[in-house]
Amino acid sequence: MKSLKIFRRWHTVAFLLFICSAPAVKAVSINITGQGTIDGTWEVTTVSGTFNSLQDPLSSQVWWGNSGFAGIFTGKVGSSFGSPNDVWGSQFGPFFAYAYYEGVDLAYFNGGNVVDSPDSWDPDNSWTWGIASRVPDTGSTAALLGV
């Protein structure tokens, strides 16, 4: 009987360790409709570093140059990645950079709201950034419709 209790405790401890060591969200799948060129399914991930070191991938995002699109992606992702950016004691979601004019203009998720911040953030500060790639349409919709 005593060995059964030890087994149960060990099993519980092992299970809790497994749960606590589970990795954070690595990717989020979002679906956008009614927005024209950005309609579709997207896989959003994050990268960390300075804007200057990540300028090429950040400036090639579909929302680059369009604060409205950056806001749409930010809203769809919401709090899925938590709040990885600590800005003067406030926690923000990943940044979605959409312009660079001597500083970075970006959108982020904070407290249930999408915030557009065209405040020219310092490109040398390290942050967590959103990156998206379109999920190819496999044609299954067309097959279902008999097209």
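Just so you know, all these numbers are worked out from the coordinates, no wet-lab data involved. Predicted, not measured: the structure shown is a model, and the values here were computed from it. Glycine also receives a Cβ, built like all others from the backbone with ideal geometry; neighbour counts cover every protein chain displayed.
The table that follows gives values for the structure above.
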read-out	value
Top positive-direction residue, dipole computed over segment 28-145 with Cβ charges, set ASN31, ILE72, PRO118	ASN31
Long-range HN-HN contacts of ASN125 with modeled amide H, under 5 Å	PHE51
Values of log10 I(q)/I(0), in the order q = 0.14, 0.21 Å⁻¹, for segment 57-147 under a Debye, Cα-only, solvent-free model	-0.52, -0.96
Magnitude of the charge dipole, segment 55-147, Cβ model with Lys/Arg +1 and Asp/Glu -1, debye to 20	480 debye
Distant-in-sequence amide H partners of GLY65 (H built 1.01 Å from N, under 5 Å)	ALA99
Efficiency of FRET between GLU102 and ASP137 - r from beta-carbon atoms, R0 35 angstrom, step 0.05	0.35
